[in-house]
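Okay, structure first, notes after.
The values are calculated or read from the model by the stated rules, or taken from the named source; none is laboratory data. This structure is a prediction, so every number in the text was calculated from the model and none was measured. All Cβ positions, even for glycine, are placed from backbone atoms using ideal geometry, and neighbour counts span all protein chains on display. Accessible surface areas use protein heavy atoms only, side chains included; no ligands, DNA or RNA. Shrake-Rupley method; radii C 1.70, N 1.55, O 1.52, S 1.80 Å.
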Amino acid sequence: MQACLTGHFITLEGPEGSGKSTHIRRLADRLKAADHDVVVTREPGGTPLGEAIRGLLQHDTAGESPVPRAEVLLFCASRAQLVQTVIRPALERGAWVLSDRFADSTFAYQGFGRGLELAELQTANAFATGGLVPDLTLLLDLDEDNARRRITMRYGTEAAADRFEREPPDFHARLREGFLALAAAEPQRFRVIPSGRALEDVADDVWQAVCDRFSDVPGAT
Ligand code: Z5A
């Protein structure tokens, strides 16, 4: 029998450079300041096994690129480990879990981006997560020019970017459209937040979305 999950599970999704890491840190600080138990994690990664898989996926540390189906299975292996050893235990004890990417990234990148069947990815994701779905998903939406500018600023040059960041513009256009399509299909779970604006304005919208969704945060209606 599954234990009761009394915590709150929030995921941040979006293209690279859209501000997920920045806003997850800010949101965590704000919740911690209100004395909430907060767990911040990321995908791929978040566990020792997941972090090892992250290296294989982002920088071809095995010496060859995974084919798309292998890529899915590696993301799902990282996800299964994270859900069972970190996310579920935290939700069972009533914590807030904030994850920088989760299953929606597989639909966007491997589905809309690489062209794999969404129904097959649904099966793989359900197997990896045991059916766990976020309570709230914040989609930080950013156009490709802005995303590329932010990544180039971070590395100084695009040459240092990872395997996904080096994909051609049409790949990035497909995955942005994919994220927006996922949000449109599940409006009760997703909140789309335009992220090409001043950081403070985006942070305000992130906080407002959390207050709108959950009644046990300061400022919630
Ligand atoms: N992937 C996949 O294919 N399938 C899957 O199932 C999963 C993942 C789970 C993970 O890489 C890669 O794996 C990812 C998808 C793929 N592809 N890529 N690339 P990652 O975790 O290393 O990369 P990321 O998720 O894209 O994170 P990121 O590049 O670090 O971006 P971010 O976290 O969204 O943004 P940030 O680091 O918070 O901000 C980027 C910069 O912009 C930084 O200098 C900020 O100070 C700046 N910033 C942020 N907001 C603003 C605003 N509002 N104004 C100005 N500047 C800003």
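The number of residues in the stretch 206-221 being farther than 16 Å from V38 by Cβ, outside any loop (DSSP other than H, G, I, E, B) and either of a type in the set (K, R) or open to solvent by 60 Å² or more (accessible area, probe 1.4 Å) (or both) comes to 2.
Within the stretch 87-107, can one find any residue that is more than 10 Å from the ligand (Cβ to nearest atom), farther than 16 Å from H8 by Cα and free of Cβ contacts under 8 Å to residues at least 40 places away in the same chain? No, because not a single residue in the stretch 87-107 is more than 10 Å from the ligand (Cβ to nearest atom), farther than 16 Å from H8 by Cα and free of Cβ contacts under 8 Å to residues at least 40 places away in the same chain. Any residue at all in the stretch 149-171 that is modelled with pLDDT of 90 or more and in contact with a strand residue (DSSP E or B) (Cβ under 7 Å, 6 or more places away or on another chain)? Among the residues of the stretch 149-171, not one is modelled with pLDDT of 90 or more and in contact with a strand residue (DSSP E or B) (Cβ under 7 Å, 6 or more places away or on another chain), which makes the answer no. What pairs come out if I take residues in the stretch 1-19 that are on the phi > 0 side of the Ramachandran plot and pair them with residues that are modelled with pLDDT of 95 or more and open to solvent by 20 Å² or more (accessible area, probe 1.4 Å) whose C-beta lies under 7 Å away, six or more apart or interchain? Within 7 Å, the pairs are G14/D141. Just one residue in the set T129, T123 is more than 28 Å from D37 (Cα to Cα) and hydroxyl-bearing (S, T, Y); that residue is T123.
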